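I have placed the structure first, in the form of structure tokens, so that the comments after it can refer back to it.
The values are calculated or read from the model by the stated rules, or taken from the named source; none is laboratory data. Only a predicted model underlies this, so the values are computations on that prediction, with no experimental measurement involved. Glycine also receives a Cβ, built like all others from the backbone with ideal geometry; neighbour counts cover every protein chain displayed. Ligands, DNA and RNA are excluded from the accessible area calculation, which covers all protein heavy atoms including side chains. Shrake-Rupley method; radii C 1.70, N 1.55, O 1.52, S 1.80 Å.
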Amino acid sequence: MRHTRSYPKVIRRWYRPVEHECLECHRTLREAVAVSRRTVITLAGVIKLNHAGYRCPDPQCPGSRRTYRSVEADALALPWFTYGLDIVLLVGRLRLREHQTVDEVHQELLKRLEPLGVTISRREILYLFEAYCTLLRASSEVKDDQEWLAQVEKNGGIIVSVDGIQPEKGNETVYLVRDALTGRVLAAENVTSSETAVMKALLAPVVALEVKVLGTITDAQESELKAVEQLWPKVPHQVCQFHALRDAAESAFEADRKVKTAMRKQLQPKVRAVRKQLKRDIPQAPGAEAEQLSVLDDYASGVLSALNRDGLAPFDFAAMHTAEDLDEVEASLQRLSKKGGL
Ligand SMILES: [Zn+2]
């Protein structure tokens, strides 16, 4: 029986391709296969992922044998690796740039993973370093990968995806170029400049493959856009929605948090003062009035809990919940006053 490890904190995520319609007939793609269901350990958390592959629903369509995958899911980890690509890149950097020994890298990784309740063996560090070296050799190996080339033939070409990953704060970026249809890494390079010329050089091995490029997917970064536009001017291009959404949501989430804090600062002391007053008044009020006052106290307590609502990045906004709750309180108070209760 296979032993399944369990982790104290697991994030569940569902992934689907960025493409919504068939590149050939433009029908809406449908979920067709489970590409992978696995657990990936990243520096940011342990992710249990469900990666769904989509296909054209029309069996007559020349593109119907293609499976569209999620470039985001593929970017999390190399195939067959439980430890994420971010960890592979970190190991590579600590070894080669910071000249750390394997033991030092091991200690550093143990420290980084401890908050997640995850450990890592020294031997795993060696594997990950090997993976890093293999990754950087990807472009020289891909042209001889017959099995992969046969798959490309079946797909009718490749979809080039470019992804810049910044392993740590610094001026280095590891660029990964992959075929979004097979998930295969076509080129990977550690670069310090992201000029269009550098991007084009990065993509040169892909051009040299001389396979049909069906589409391109990049971040919104201008140099990446220009490079794919210049290399494949007639090929449809898509900005990765995930990156765009994540970046957009980050500032929105931050703004929402500020709004909520401001609301709470303004309202909380007032409502608390009212409750204090009510607590003093209720015991002294005659029966019916005491009942009314305790209804008001319920409302005040409702307002206070509305002010303590939490959000969850990226799209669950706290201030929105607070506003909705407060609207409900207001509507209820209005109904009450119409009935002549207050
Ligand atoms: Zn189709």
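List of remarks:
- Value in Å of the Kirkwood radius, where the range 1-132 supplies the Cα pairs that are averaged: 16.6 Å
- Kirkwood-based shape ratio for the range 124-175, expressed as Rg/Rh from alpha carbons: 1.08
- Candidates Arg37, Arg272, Arg55, ranked by Gaussian network fluctuation over the chain, Cα under 10 Å, top entry: Arg272
- Considering only Trp80, Leu109, Val174, the residue lying farthest towards the positive end of the dipole of the range 49-182 is Trp80, judged by Cα position with unit charges set on Cβ.
- Around the Cα centre of the range 86-130, unit charges on the Cβ atoms of Lys, Arg, Asp and Glu (plus for the first two, minus for the last two) sum to a dipole of about 40 debye.
- Taking label positions 7 Å along the Cα-Cβ direction at both Ala208 and Ile282, the computed distance is 7.8 nm, reported to one decimal.
- Rounded D (µm²/s) - the range 63-117, Kirkwood Rh over Cα pairs, Stokes-Einstein at 20 °C, 1.002 mPa s: 162 µm²/s
- For the chain, the ratio of Cα radius of gyration to the globular rule of thumb 2.2 N^0.38 Å stands at 1.35.
- Positive-end residue, the chain charge dipole about Cα centroid, Cβ charges, pick of His99, Ile41, Gly156: Ile41
- The residues of the chain present an accessible area of 58 Å² per residue when probed at 1.4 Å with all protein chains retained.
- Per-residue packing, averaged as other Cβ atoms within 10 Å, sorts the ranges 12-25, 288-301 into the order 12-25, 288-301, beginning with the highest.
- Entry note, the chain: the mean residue ellipticity at 222 nm calculated from DSSP H runs of n ≥ 4, each adding -39500 (n - 2.57), is -16000 deg cm²/dmol after division by the residues and rounding to the nearest 500.
- The convex hull of the Cα atoms of the range 175-328, projected and averaged over all directions, covers 13.9 nm².
- Calculated log₁₀ intensity ratio I(q)/I(0) where the Debye formula runs over C-alpha points of the range 1-67, q = 0.19, 0.29 Å⁻¹: -0.75, -1.21
- Across the range 104-251 the C-alpha pair distances fall into 10 Å bins from zero in the proportions 10, 34, 32, 19, 4 percent.
- Measuring between alpha carbons in the structure, the pairs from Lys48/Lys111; Lys143/Lys200; Lys48/Lys260; Lys143/Lys234; Lys9/Lys111; Lys260/Lys338 lying more than 26 angstrom apart are Lys48/Lys260; Lys260/Lys338.
- Here the range 36-124 has 48 percent of its accessible surface on carbon and sulfur atoms, given a 1.4 Å probe and all protein chains in place.
- About the Cα centre, charge dipole magnitude for the range 1-146 (Lys/Arg +1, Asp/Glu -1 at Cβ), debye: 540 debye
- Per the Cα gyration tensor, the range 182-235 maps to an equivalent ellipsoid with semi-axes of 17, 14, 11 Å, ordered largest to smallest.
- Residues whose placed amide H lies under 5 Å from that of Ala32, excluding near-sequence neighbours: Gly53, Tyr54, Arg55
- Assigned charges on the beta-carbon of Lys, Arg, Asp, Glu; the chain dipole about Cα centre (debye): 980 debye
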